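Participant: Let me give you the structure first, and then I'll get to my questions.
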Amino acid sequence: MSLKQTAVNIRKNILKIANSSKGPHTGTALSCVDMLTILYFKTLNIESFKNENRDIFIMSKGHGAMALYATLYEKNLLKEEDFLSYYQNGGKLPAHLDRDTNEAIEVSSGSLGHGLPQALGFAYSKKLKNLDSHVYVLMGDGESQEGSIWEAAMLAPKMGLDNLTVLVDRNNLQGYGRPTELVSFESLDEKFKSFNWNVFRVNGHDFDELEKALHVKSDRPKAIICDTVKGKGVSFMEDEMKWHYFIVTDEFMKQGIKELEESL
């Protein structure tokens, strides 16, 4: 199956559980699907979660949980009954990630700013144990307003963490507006470079650009700034802040799935 088909399947399933749960954060989930697709279907070594030399993926923007759930479901790492129980009374999957719900979910997240600091711990542990696996973190651009992110960014090169890669979902929309207008963080490229990271800026919806940046060998921590569109793949959701909150009704779901299928 092509990466494009896989990403469409993931986006369709996001719309389905967003509809059944009547929960928020649909636009948030849709923007990072292509990054998750390239990670889970081309990059991560996760043949066994009991193997401590596996790669580690941390979804720091925990409110994008639907995207990770749909990716794990597409990867056959999540049972259908669990996937469909998302955000339901008595269901297994909460609206923000809980590491106790599935072995493929490495950390609990939702309170922003903690994924990168946690990743330093995982990456340093691998160094101490002479393991050759890698740690990947997906964080939001609004999340970069948290001070804990920059404390970790300053420390990672000092610790020699060339086994750490951060992907920033730079969709320039958060709950109350555009991050660049609320608490301006640009230029992200220059900030990470000033802390001695190896930095790339790519189209976060282009599989070739993503794969190329992910597979570049680096002697330093690596940051990939991914320019994305919130709500990607569904025209009426794209770059619309309201889809941080709006509910996916039956009609919205049908219209969105139709667009996604036609995109193939």
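Read-outs throughout are calculated quantities, based only on the coordinates presented, and are distinct from any laboratory measurement. The structure displayed is predicted, hence computed values, not measured ones. A quick note on method: Cβ atoms are made from the backbone with ideal geometry, for glycine too, and the neighbour counts reach across all protein chains shown.
Participant: Identify the trypsin sites (Lys or Arg not before Pro) of region 217-255 meeting these criteria: DSSP loop state and at most 10 other C-beta atoms within 10 Å of the C-beta.
Facilitator: Details: sites: Lys217, Lys222, Lys230, Lys232, Lys242, Lys254; in loops: Lys217, Lys230, Lys232.
Passing sites in region 217-255 are Lys217.
Participant: Dipole of the chain, Cα-centred, from +1 at each Lys and Arg C-beta and -1 at each Asp and Glu C-beta, to the nearest 20 debye?
Facilitator: 380
Participant: Step through the residues of region 240-245 one at a time and calculate ³J(HN,Hα) from phi using the Karplus curve (6.51 cos²θ - 1.76 cosθ + 1.60, θ = phi - 60°), rounding each to whole Hz and writing x for Gly and Pro.
Facilitator: Each residue's phi maps through the Karplus curve to give 10, 4, 4, 7, 6, 10 Hz.
Participant: Run through region 170-264 and list the chymotrypsin sites (Phe, Trp or Tyr not before Pro) located in a DSSP loop whose Cβ has at most 14 other Cβ atoms within 10 Å.
Facilitator: Tyr176, Phe236, Tyr245
Participant: Another question, if that's okay. How much of the DSSP bridge set in region 3-262 is antiparallel, in percent, rounded to the nearest 5? Walk me through the intermediate numbers first.
Facilitator: Values: 1 of 23 bridges.
Given both bridge residues lie in region 3-262, the antiparallel proportion sits at roughly 5 percent.
Participant: Excluding residues on the same chain fewer than 8 positions from Lys242, give the lysines whose Cα lies under 20 Å from its Cα.
Facilitator: Of all the lysines, those that pass the test against Lys242 - Cα under 20 Å, at least 8 places apart if same chain - are Lys12, Lys16, Lys22, Lys61, Lys230, Lys232, Lys254.
Participant: Here's another thing I want to ask about it. For Leu77 and Lys127, compute 0.36 nm times the residue count separating them, minus their Cα-Cα distance, and round to one decimal in nm.
Facilitator: Here the segment from Leu77 to Lys127 would lengthen by 15.3 nm.
Participant: Let's test the formula: R0 of 25 Å, r as the Cβ-Cβ distance of Ser48 and Glu262. What FRET efficiency results, to the nearest 0.05? Each step should come with its number before you reach the end.
Facilitator: On the way: r = 38 Å, r/R0 = 1.54.
E between Ser48 and Glu262, to the nearest 0.05, is 0.05.
Participant: Going through region 1-90, which GluC sites (Glu not before Pro) have at most 11 other Cβ atoms within 10 Å and a DSSP loop state? Before the final figure, lay out the partial values.
Facilitator: Details: sites: Glu47, Glu52, Glu74, Glu80, Glu81; in loops: Glu47, Glu52.
Filter output for region 1-90: Glu47.
Participant: Pull up all non-local amide H partners of Lys92: gap of 5 or more, or a different chain, and H-to-H distance under 5 Å with H placed in the peptide plane.
Facilitator: Those qualifying (amide H under 5 Å, at least 5 residues apart or on another chain) are Ser85.
Participant: Which three extents, in angstrom, do the Cα atoms of the chain have along their principal axes, listed largest first?
Facilitator: 52, 43, 33
Participant: What is the pair-distance distribution P(r) of region 1-96, computed from all Cα-Cα distances in 5 Å bins starting at 0, with each bin given as a whole percent?
Facilitator: Here the calculated profile for region 1-96 is 2, 14, 25, 25, 20, 10, 4, 0.
Participant: Just need the relative contact order of the chain here, percent rounded to a whole number, with Cα pairs under 8 Å and 6+ apart.
Facilitator: Details: 500 pairs, mean separation 65.5, N = 264.
Relative contact order of the chain: 25 percent.
Participant: Find how many whole Å separate the alpha carbon centroid of region 58-99 from the alpha carbon centroid of region 1-48.
Facilitator: Measuring centre to centre over Cα atoms gives 11 Å.
Participant: Using amide H atoms built 1.01 Å from N in the peptide plane, name the residues 5+ places from Leu167, or on other chains, whose amide H lies under 5 Å from its own.
Facilitator: When sequence neighbours closer than 5 places are left aside, the close amide H contacts are Val137, Leu138, Met139, Ile224.
Participant: Is any helix in the chain, taking whole DSSP H runs, at least 15 angstrom long along its axis by alpha carbon and on average at least -1.0 on the Kyte-Doolittle scale, and which ones?
Facilitator: Sorted by number, the helices that extend far enough and score high enough are 3-21, 115-128, 147-158.
Participant: Now, a different point. Select from Arg11, Arg170, Arg54 the residue whose mean-square fluctuation is largest in a Gaussian network model of the chain (Cα-Cα springs shorter than 10 Å).
Facilitator: Result: Arg54 has the largest fluctuation of those listed.
Participant: Before rounding to the nearest 500, sum -39500 (n - 2.57) across all DSSP H runs of length at least 4 in the chain and divide by the residue total; then give [θ] at 222 nm in deg cm²/dmol.
Facilitator: Only helices count here, giving -11000 deg cm²/dmol.
Participant: Right, here's the next one. How many nm separate the modelled label positions at Met1 and Leu155, each set 7 Å beyond the Cα in the direction of the Cβ?
Facilitator: That separation, rounded to one decimal, is 3.9 nm.
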